[in-house]
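The values are calculated or read from the model by the stated rules, or taken from the named source; none is laboratory data. Since the structure is predicted, the reported quantities are computational estimates derived from the model, not experimental observations. Note that we place each Cβ from the backbone using ideal geometry, even for glycine, and neighbour counts take in every protein chain shown. We work out accessible area using only protein heavy atoms, side chains counted, and drop any ligands, DNA or RNA first. Shrake-Rupley method; radii C 1.70, N 1.55, O 1.52, S 1.80 Å.
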Amino acid sequence: MPKILVTGANGQLGSEIRKLDSLYPHYEFTFSDRENLDLGNLCKMEEYFENRVFDAIINCAAYTAVDKAESERELADTINHRFVSMLSKIAKRRNTTLIHISTDYVFNGQNHCPYVESDPTDPQGVYGRTKQDGESAILSVAPMNTIIIRTSWVYSSFGNNFVKTMLRLSKERDSLGVIYDQIGTPTYARDLAKTILDILPNIQNNSPEIYHYSNEGVASWYDFAQAIFEFSDVKCRVNPITTDQYPTPAARPHYSLLNKSKIKNDFAITIPYWRDSLRACLKELGAIS
């Protein structure tokens, strides 16, 4: 029975994999969090792997506080880059399959057509740069049977995310201003989790491969909020605003659509439409019946 380590087990994606683990009884899962695998202490990380052997590692751990990263550069770099570099070395040394989750923030957001995996990266903030550095570390170490999956706009019934924030604010306010000039695709973490577990046995490559994954379709944050309220029958009014009207410490990509042809073709998968997946998540949250 393949032994699978899931790092960042209390995050959105890690929690969704844990939720699905009973559907994959042929895997033996180990779920690690900050209590038993301190990502900020790289020496202890080596100790963690000394007496543990895994067939695959799914790295869901990440520093994802995009704005805080601007003032916590060292911590973001430790988790998103140095930890990933060490993990890739361990994977190579032990011939362990590695799946690493990255982000659309490695791009500058100035494209006018969906980004493909080979497009040049140009991150605009600390978060994106540290995630890019993590990718580069994996490519440099080059462990076999390794894939990097870039995703975008992740939400879930677990953790803090845009869907849960909108539902909370709608109970406190009659109207909300939501950005309409940032374009991408929401990604339900459960869909990504299922895809990872489904494709895991078929990962066979001599050097790391990069893939893109989000749900199908196109939306702005304004569209996303409108759909949340539409499906959950919330009467809160959504007012479209520009990025300039909602300044943040870190720059956000204005355009981050991801071309998913490669992952669909290589692993023969289908990807749900974002509105259908949003309905499923809202049912999970009890916001709709």
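Checking each residue in segment 2-58 for being hydroxyl-bearing (Ser, Thr, Tyr), touching a residue at least 40 places away in the same chain (Cβ under 8 Å) and either more than 14 Å from residue 87 (Cβ to Cβ) or open to solvent by 70 Å² or more (accessible area, probe 1.4 Å) (or both) picks out 15, 24, 27. Residues in segment 97-125 that are part of a loop (DSSP other than H, G, I, E, B) and under 20 Å from the mean Cα position of the chain (by Cα): how many? Counting residues in segment 97-125 that are part of a loop (DSSP other than H, G, I, E, B) and under 20 Å from the mean Cα position of the chain (by Cα) gives 14.
Taking segment 20-96 as the region of interest, the helices (runs of 4 or more DSSP H) fully inside it that hold 2 or more residues being closer than 20 Å to residue 196 by Cβ and over 18 Å from the mean Cα position of the chain (by Cα) are 83-94.
Scanning segment 188-201 finds no residues that are assigned to a loop (DSSP other than H, G, I, E, B) and surrounded by fewer than 16 Cβ atoms within 10 Å (Cβ to Cβ).
Any residue at all in segment 186-208 that's out of contact with any helix residue (DSSP H, G or I) (no Cβ under 8 Å at 6 or more places or on another chain) and under 26 Å from residue 112 (Cα atoms)? No; the residues of segment 186-208 include none that is out of contact with any helix residue (DSSP H, G or I) (no Cβ under 8 Å at 6 or more places or on another chain) and under 26 Å from residue 112 (Cα atoms). Can you tell which of 150, 129 is out of contact with any helix residue (DSSP H, G or I) (no Cβ under 7 Å at 6 or more places or on another chain) and either open to solvent by 10 Å² or more (accessible area, probe 1.4 Å) or not in a helix (DSSP H, G or I) (or both)? Answer to the check: 129.
When you check residue 235 against the structure, is it out of contact with any helix residue (DSSP H, G or I) (no Cβ under 6 Å at 6 or more places or on another chain) and either at pLDDT 95 or above or part of a helix (DSSP H, G or I) (or both), yes or no? It is false that residue 235 is out of contact with any helix residue (DSSP H, G or I) (no Cβ under 6 Å at 6 or more places or on another chain) and either at pLDDT 95 or above or part of a helix (DSSP H, G or I) (or both).
Note on segment 265-284: among residues that are in a helix (DSSP H, G or I) and open to solvent by 60 Å² or more (accessible area, probe 1.4 Å), the one that is nearest to residue 203 (Cα to Cα) is 266.
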